[in-house]
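Chemist: Once you've had a glance at the structure underneath, I'll fire off some questions.
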Amino acid sequence: MPAPVCGVDEAGRGPWAGPVCAAAVILDDAIAGVDDSKALSAARRGIVEREIKARARAFAVAFASVEEIAELNILRATGLAMRRAVSDLTPAPAFALVDGSYRFVLPCPARPVIGGDALSASIAAASILAKTARDRVMIEMEAVYPGYGFAAHKGYGVPSHIEALERLGPCPLHRMGFAPLRRWSA
C-alpha cells in the first residue's frame with residue numbers, strides 16, 4: 001500500500017437524533033490504549049483521544065447534519081462525512097482503510113475492512129475521534145433541546161428517549177426519515 005495510509009471510521013449512523021460523524025487518522029507509530037471506541041469507557045476514550053491528537057501525523061473530524069441525512073439517507077451522509085474528513089487531512093493520504101463493508105467514494109483509493117477497528121490502529125484511532133466528537137455535540141444539544149436526555153443516550157432509541165418523544169414530540173435534531181420516528185411525523 002502506498003503511504004501515507006489513513007484509517008476512517010464513523011460514529012452515529014444508528015441513532016434517531018443528531019449528526020453522523022466521521023474521522024480520518026494517519027498514524028506513524030502505535031499509540032498505547034488505541035482500541036475500538038466501543039471497547040473503551042468514556043473516560044478512557046477521552047484520555048486516548050488526547051494522545052491520538054498529540055501523536056498522529058494527521059487527523060480530521062467531519063460531520064453530516066440531520067438535514068443532510070434527511071436529504072441523502074444515512075449511508076450517503078456517512079460517505080459525505082468521511083469524504084470531508086479525508087479531504088481535510090494534511091498530508092493527503094494515498095490510501096484509506098475504512099471500517100465496515102461499504103465501499104465509500106473518497107478522495108483517494110480506499111478499501112473496506114470488516115472489523116477494521118480491531119485490525120487497524122488507524123481505524124481504531126478514527127473510531128475514538130469520531131465517537132468523542134459526536135458525543136460532545138450530543139452533550140451540547142442537551143442544553144439546546146432540554147428534556148430529551150441527549151447527554152445520556154446520545155440520540156439512540158433507548159426507552160428514556162422514547163419516553164421523551166412521547167412527552168415532548170420530536171425536535172429539529174431528530175431524523176424524521178428513520179422508521180421508528182415516522183409515527184411522530186404524521
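Chemist: At 20 °C and 1.002 mPa s, what whole-number value in µm²/s does Stokes-Einstein give for the translational diffusion of the range 37-138, with Rh from the Kirkwood sum over Cα pairs? Before the final figure, lay out the partial values.
Modeler: Details: Rh = 14.2 Å.
D, rounded to a whole number, is 151 µm²/s.
Chemist: In addition: So for the pair residue 162, residue 51, with labels modelled 7 Å out along Cα→Cβ, what separation do we get in nm?
Modeler: The two pseudo-label positions are separated by 3.9 nm.
Chemist: What does the C-alpha gyration tensor say about the overall shape of the range 68-117? Classify as rounded when a/c is under 1.5, otherwise prolate if a/b is larger than b/c, or oblate. Intermediate results must be reported in sequence, preceding the final value.
Modeler: On the way: a/c = 2.38, a/b = 1.24, b/c = 1.92.
Oblate is the answer for the range 68-117, as a/c is 1.5 or above yet b/c matches or exceeds a/b.
Chemist: How large is the charge dipole for the chain, taken about the Cα centre, if only the Cβ atoms of Lys, Arg (+1) and Asp, Glu (-1) carry charge, to the nearest 20 debye? Spell out each step's value before the answer.
Modeler: Values: 21 positive and 19 negative charges, 39 e Å.
Here the size comes out at about 180 debye.
Chemist: Going by amide H atoms built from the backbone, whose H comes under 5 Å of the H on residue 156, apart from near neighbours?
Modeler: So residue 156 has HN proximity to 16.
Chemist: By count of other Cβ within 10 Å, fewest leading, how are 82, 141, 176 ordered? Provide the component values of the computation, followed by the final result.
Modeler: Numbers: 82 31, 141 21, 176 15.
Result, fewest neighbours first: 176, 141, 82.
Chemist: Another question, then. Using only Cα atoms, what Kirkwood radius does the chain have, in angstroms? Numbers along the way, then the final one.
Modeler: On the way: mean 1/r = 0.0601 Å⁻¹.
About 16.6 Å, per the Kirkwood formula over Cα pairs.
Chemist: Here's something else I'd like to know. Hey, got a sec? Which chymotrypsin sites (Phe, Trp or Tyr not before Pro) in the range 64-109 land in a DSSP loop and have at most 15 other Cβ atoms within 10 Å?
Modeler: On the way: sites: 95, 102, 104; in loops: 102, 104.
Passing sites in the range 64-109 are 102.
Chemist: Still on this structure, please answer the following. Which residues' amide hydrogens lie under 5 Å from the amide hydrogen of residue 35, considering only partners 5 or more residues apart or on another chain, with H built in the peptide plane?
Modeler: Residues meeting the criterion, in which the H sits 1.01 Å from N, do not exist here.
Chemist: Per 5 Å bin, what is the whole-percent P(r) computed from every C-alpha pair distance within the range 92-186?
Modeler: 2, 12, 17, 16, 13, 13, 14, 9, 3, 0
Chemist: Once the dipole of the chain is set up with Lys and Arg at +1 and Asp and Glu at -1 on Cβ about the Cα centre, which of 70, 16, 90 lies farthest towards its positive end?
Modeler: Comparing the listed Cα positions along the dipole, 70 ranks first.
Chemist: To the nearest Å, what is the center-to-center distance of the range 53-77 and the range 3-47, using C-alpha atoms only?
Modeler: Their Cα centres are 12 Å away from one another.
Chemist: Additional query: Taking amide H positions as placed in the peptide plane 1.01 Å from N, state which residues far from residue 20 in sequence (5 or more) or on other chains have amide H under 5 Å from it.
Modeler: Those qualifying (amide H under 5 Å, at least 5 residues apart or on another chain) are 64.
Chemist: Along each principal axis of its Cα atoms, how long is the range 1-97 end to end? Whole angstroms, biggest number first, please.
Modeler: Largest first, the range 1-97 extends 39, 33, 19 Å along its Cα principal axes.
Chemist: Given a Förster radius of 35 Å and the C-beta distance between residue 142 and residue 95 as r, what FRET efficiency does 1/(1 + (r/R0)^6) yield to the nearest 0.05?
Modeler: Numbers: r = 38 Å, r/R0 = 1.10.
With R0 = 35 Å, the Cβ-Cβ based efficiency is 0.35.
Chemist: If you restrict to DSSP beta bridges whose two residues both lie in the chain, what percentage is antiparallel, to the nearest 5? List each step's numbers first, then the result.
Modeler: Details: 13 of 21 bridges.
Of those bridges, close to 60 percent are antiparallel.
Read-outs throughout are calculated quantities, based only on the coordinates presented, and are distinct from any laboratory measurement. As the structure is a prediction and not an experimental result, all values here were calculated from the model. No Cβ is skipped: glycine too gets one built from the backbone with ideal geometry, and neighbour counts run over all protein chains shown.
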